[in-house]
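I have placed the structure first, in the form of C-alpha cells, so that the comments after it can refer back to it.
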Amino acid sequence: MPLRQATVPPSTRCARPSRKASSSTSPQKLLHDLQGVLQDRRRVEEVAAEEDGGAQGAAAPQEVVKLHPTMIQEKAAIIVEHFREHTAKELGGRAKAMVVTDSRAAAVRYKRAVDHHIKEHKYQDIHCPSGVLRRDRR
C-alpha cells in the first residue's frame, strides 16, 4: 500500500533544530532537544490519526519521523556520549556496546551517524566497526 502524506497544520509541524550539536553541547541538552522532537512527533501522529480516523494513519508519519536524519543524528550523539561517559571505562577500557535497530535501513543510517559524530568530535578513544551490508538476492 503506497504511503500518503498527511496534511499537518503549520502549528504542529516538526521543527528542525536551529543549530547543529557542537562539542560544547552536553548530553543533557541533546536529550532535552530529542524530547522536543518526540513531542512534535506525537502531535504529528495525533493529527494524522484524526484525519484518517484511526491508528493506521499514524503509522506512516511515525516511520518518517523515526528515520528522519535529525532524529537519527540526535540519537547517535546521545548513544556515543553515553558510551564515552559511562560504559567505555568498564572492563579496563575494553567495553563494547551494540546498537540494535528495527530495520537494516535504520542500522545503516545509525552507523553513518555514529561515525560522523565520532569524526566530528575527533574522538580517538572510540571506534565503530561494522560488517558489510549486502543486498539480499531474490
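Against the conditions (1) buried (at least 16 other Cβ atoms within 10 Å of the Cβ); (2) at pLDDT 75 or above, E45 satisfies every one except (2).
This table checks each residue for (1) at pLDDT 85 or above; (2) in contact with a helix residue (DSSP H, G or I) (Cβ under 9 Å, 6 or more places away or on another chain).
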{"residue": "I72", "(1), (2)": "yes, yes"}
{"residue": "V80", "(1), (2)": "yes, yes"}
{"residue": "E85", "(1), (2)": "yes, yes"}
{"residue": "G93", "(1), (2)": "no, no"}
{"residue": "K96", "(1), (2)": "yes, yes"}
{"residue": "R109", "(1), (2)": "yes, yes"}
{"residue": "K119", "(1), (2)": "yes, no"}
{"residue": "K122", "(1), (2)": "yes, no"}
{"residue": "C128", "(1), (2)": "no, yes"}
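The values are calculated or read from the model by the stated rules, or taken from the named source; none is laboratory data. All values reported here derive from a predicted model rather than from experimental measurement. With ideal geometry, Cβ positions are generated from the backbone for all residues, glycine too; neighbour counts draw on all protein chains shown.
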